[in-house]
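The block underneath contains the structure these notes are about, expressed in structure tokens.
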Amino acid sequence: MKSSHQFWSSPGRFLPAALFAVALVAIAISCSPEKKEGIAEGEEWFKSYCTTCHGENGDGQSQMASMMNPPPKNLRQIAQRRNGVFPDAEISKIIAGVEKVPGHSTTDMPAWWEAFKKTEGITDDKVLQSKIDHITAYLKTIQE
Ligand code: HEC
């Protein structure tokens with residue numbers, strides 16, 4: 001008599017399904033957590049250090065903005081301002097303060113490389129770079 005357990009007791013069907021499930025889990029583990037953690041950390045840092053000027057959601061609307069010239073940029077339109085391309089390396093450099101914001105010789109945008117060294121007490125350049133890259137990764141997720 002055929003039972004409803006046949007699917008599970010039949011190796012021919014069960015095995016491929018099990019392998020498929022294992023593969024899915026493996027893919028999920030291999031590509032997401034580190035990246036997700038990085039973005040989550042970037043968001044945290046963004047909320048701590050950037051929203052006073054760039055606004056809660058990064059759109060450039062803040063109390064500070066009305067007093068600044070040039071005003072803080074809308075960080076949701078970084079890609080839009082560059083023909084749809086989000087330049088990760090350039091943005092990390094702008095945040096670090098290594099690269100000035102295009103189109104301006106002087107800027108009120110703080111140089112975070114030096115600032116983070118002081119406020120976060122980070123002395124390892126690699127760690128510092130990864131923190132900044134995480135902020136860049138977060139900004140990439142909020143592009144319009
Ligand atoms: C004191 C105010 C202030 C704070 C705080 C601030 N910014 Fe800015 N930011 C600015 C200003 C002003 C500009 C525009 C400068 C210009 O146009 O010359 C700018 C520009 C930028 C740009 C360039 C955008 C583009 O499309 O070129 C990025 C990226 C950026 N800020 C990221 C950040 C991040 C990340 C933080 C937090 C770690 C931060 N800013 C904190 C004032 C601020």
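The values are calculated or read from the model by the stated rules, or taken from the named source; none is laboratory data. Every value quoted in this text rests on a predicted model; they were computed, and no experiment measured them. Don't worry about glycine lacking a Cβ; one is built from the backbone with ideal geometry, like all the others, and counts go over all protein chains shown. We work out accessible area using only protein heavy atoms, side chains counted, and drop any ligands, DNA or RNA first. Shrake-Rupley method; radii C 1.70, N 1.55, O 1.52, S 1.80 Å.
Take the conditions open to solvent by less than 30 Å² (accessible area, probe 1.4 Å), of a type in the set (Gly, Ala, Ser), more than 8 Å from the ligand (Cβ to nearest atom) and part of a loop (DSSP other than H, G, I, E, B) and apply them to Gly42. Does it pass?
In short, no.
Filter the stretch 107-144 down to the residues that are more than 8 Å from the ligand (Cβ to nearest atom), open to solvent by 50 Å² or more (accessible area, probe 1.4 Å) and in contact with a Gly (Cβ under 8 Å, 6 or more places away or on another chain) and list them by number.
Glu114, Asp133, His134
Determine which single condition Ser92 fails, assuming it passes every other condition in (1) without any contact (Cβ under 8 Å) to a residue 24 or more places away in the chain; (2) within 18 Å of the chain's Cα centre (by Cα); (3) within 14 Å of Ile132 (Cβ to Cβ).
So the condition that Ser92 fails would be (1).
Residues in the stretch 80-110 that are in contact with a helix residue (DSSP H, G or I) (Cβ under 8 Å, 6 or more places away or on another chain) and assigned to a loop (DSSP other than H, G, I, E, B): how many?
Number of matching residues: 7.
Restricting the stretch 46-85 to residues that are crowded, with 17+ Cβ neighbours inside 10 Å and more than 9 Å from the ligand (Cβ to nearest atom), which is nearest to the chain's Cα centre (by Cα)?
Arg76
Across the stretch 116-144, what is the number of residues that are among the aliphatic types (A, V, I, L, M), assigned to a helix (DSSP H, G or I) and in contact (Cβ under 8 Å) with a residue 40 or more places away in the chain?
Number satisfying all stated conditions: 4.
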